[in-house]
Amino acid sequence: MSLSDEASHSLVGVIRMPDQAQSPGRAILKRVVGAMAALLLAVLIVYLDRDGYRDVNEDGVSLLDSFYYATVSLSTTGYGDITPASSSARLVNVLVITPLRVLFLIVLVGTTLEVLTERSRQALRIQKWRRIVRDHVVVVGYGTKGRSAVQALLGDGVEPGSIVVVDTVQESLDAASAIGLVTVHGSGTRNDVLRVAGAARARAIVVAPNRDDTAVLVTLTARELAPKAQIVASVRERENEHLLKQSGADSVVVSSETAGRLLGMATATPSVVAMVEDLLTPDAGLAIAERDVESSEVGGSPRHLSDIVLGVVRSGTLYRVDAPEADAIEPGDRLLYVKKVTPAGE
């Protein structure tokens, strides 16, 4: 049976929903504080009504005796050497001490119960996620390129929960989960793994493995599952670019040539490289963006707009701003332009 046919509870460990929990230390501290509060309340109740309790030593019930009685009562040990003798003390034990005992035990075993129920909670969250997930972005490979792609998506305002990371390295998946991404453990070359990641309903798939041959296989598999999704792939060598396009990639980024070109530029014009990096960083400074044309802009030249327009996207084709096709803006066009980004909090 393939992964895509498995029940949700069987996918716990394969799919990992982003954690919504606090740190373990804080969770333990809260339980300890809760247990101590229940204990101190029981001590106070017993001490205030100490005349209603009988000690086998017949020397009265002191504050230490109250602590002792509360401890052995709440832990259900109950040695019986200190017992409620009066009617009021017994009533208080029934109405107050017993509920405190239950609360005390719940607090103490809370961690164990949480571990036991975590799998069930994960299964329910996975089942709900698989039912509603669509129009998300699947990132295959969470190495250097995959992480940078995710940071760019987050910088463009994509919600972390709308990004699914597929990888075989657990450390990479842990890093992705730590920033709120949904993760799927498995190889992106497998049809069932991509199905589990919801690739068939994704709006975009980023292919960023470490090997070119893996990128080709992932692209082939992804295109078969998602014929309408935007597939963007990374390749190390230019000679493999055509293979990815033949496999179904809409866009191919040649990482080695791009990095090498920037290195060469940096030796002579480092300021140009700084500007390129600024344009590629969506969370501050300048950024390259795309927008719909306004009705008042139709018929005019993109070179005369207040925005710095780099190109015109028409029917899925990009025309540079100096191309004849971009002389006049048409209805339905989209503009590729440079926008100023204000950092969050300013």
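Of the labelled figures (1) 19.3; (2) 27.9; (3) 16.8, only one reflects mean projected area of the Cα convex hull in nm² as derived from the coordinates, namely (2).
Considering only beta bridges that DSSP places wholly inside the chain, some 50 percent are antiparallel.
Separation of region 286-346 and region 136-197, taken as the distance between their Cα centroids, equals 31 angstrom. For region 260-312, GluC sites (Glu not before Pro) are listed when DSSP marks them as loop and at most 15 other Cβ atoms sit within 10 Å of their Cβ; the list is Glu294. Helical content alone sets the calculated 222 nm signal of the chain at -13500 deg cm²/dmol, taking -39,500 (n - 2.57) per DSSP H segment of four or more residues and averaging over every residue. Sorting Leu74, Leu40, Leu335 from the fewest to the most surrounding beta carbons within 10 angstrom yields Leu40, Leu335, Leu74.
Taking the longest Cα principal axis of the chain as reference, the axis of helix 98-108 is set at about 40 degrees. Go ahead and run the numbers for FRET between Glu239 and Leu29, Cβ-Cβ distance against an R0 of 51 Å, rounding to 0.05. Efficiency, rounded to the nearest 0.05: 0.30.
Other residues within the sphere of radius under 12 Å centred on the Cβ of Leu225, judged by their own Cβ, net out at +3 (K and R +1, D and E -1).
Can you tell me the dipole magnitude for the chain around its Cα centre, using point charges on the Cβ only (Lys, Arg +1; Asp, Glu -1), in Debye to the nearest 20?
Numbers: 35 positive and 41 negative charges, 145 e Å.
Rounded to the nearest 20 debye, it is 700 debye.
Qualifying GluC sites (Glu not before Pro) in region 226-268, where qualification requires a DSSP coil assignment and no more than 13 other C-beta atoms within 10 Å, comprise Glu237. Once the Cα atoms are used to define both axes, helix 24-48 deviates from the longest principal axis of the chain by about 20 degrees.
Against the chain, whose longest principal axis is taken from its Cα atoms, helix 255-268 shows a tilt of about 70°.
Computed from the coordinates by the stated procedures, all read-outs in this text should not be read as laboratory data. What you see is a predicted model, and the numbers here were worked out from it, not measured in a lab. Neighbour counts run over all protein chains shown; Cβ positions are idealised from the backbone, glycine included.
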